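The numbers here are math on the coordinates, done by the rules we state, and not lab data. Model, not experiment: these values are computed from the prediction. Glycine gets a Cβ as well: all are built from the backbone with ideal geometry, and neighbour counts include every protein chain shown.
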Amino acid sequence: MAAEVMFTGRVIRVEREAVVLPNGRTTTIEAVRHRGSVVILAQPSPDTVILIRQYRPVIDRWIWELPAGSLDPGEAPDAAAVRECEEETGQSPQRVTLLASWYPTPGFCDEIMHFYRCESLVPPPGPVHQDEDEQIEPAVVTLDTFAEMIRNGRVADIKTVVGLQLLRPASVTGASSPA
């Protein structure tokens, strides 16, 4: 059976379809389809990273997080990493390194997040475009401060917690719940 499109938005598409599981049983699933995204670990120096403070209407609060964004149609993840770094930090990376790629919510969504370290930051070559739906305040923080922000609940975003783990494994133990 072909997937039934339930909703198509700017970033996602929701589908319902019948699937055959490895055990031979057939079931119906709802799946959120997403082009994928990049998460930016922009490092002005080895012991600092740029976080952004951003208002998230879905949870009705400001949170600190790593810069990130969806891939544009047909866009390669490494090109998206450069674009998102420029748009959200105001800095252009001269070196971009893929650190890892993971599915954040594979139970219902096929989005894959590509985590990139961006280094050798310089001002971008031209004007930087920001998305109309974003209100962003970047800040450079030390990795120690970043870890403390996670532990005290100021960082409530899982991609950001995972990002610090890529830079400093085992540095977020004792994190408090943001609720």
What residues qualify as long-range amide H neighbours of Gln135, i.e. H under 5 Å apart, gap of 5 or more or another chain, H built at 1.01 Å from N? Tyr55
Counting other C-beta atoms within 10 Å, which of Phe7, Phe146 has the fewest, and how do the rest follow? Phe7, Phe146
For the chain, built as a Gaussian network whose Cα springs stay under 10 Å, the top-fluctuating residue of Ile59, Ile136, Ile158: Ile59
Charge sum, other residues only, whose C-beta stays under 13 Å from Ala156's C-beta, Lys/Arg counted +1 and Asp/Glu -1: +3
Quick one: if the Förster radius is 25 Å, what FRET efficiency do Val58 and Val19 give, using the C-beta to C-beta distance and rounding to 0.05? 0.35
log10 I(q)/I(0), Debye, Cα-only the stretch 36-167, no solvent, q = 0.22 Å⁻¹? -1.52
Counted neighbours (other Cβ, 10 Å), sorted fewest up, put Tyr55, Tyr116 in the order Tyr55, Tyr116
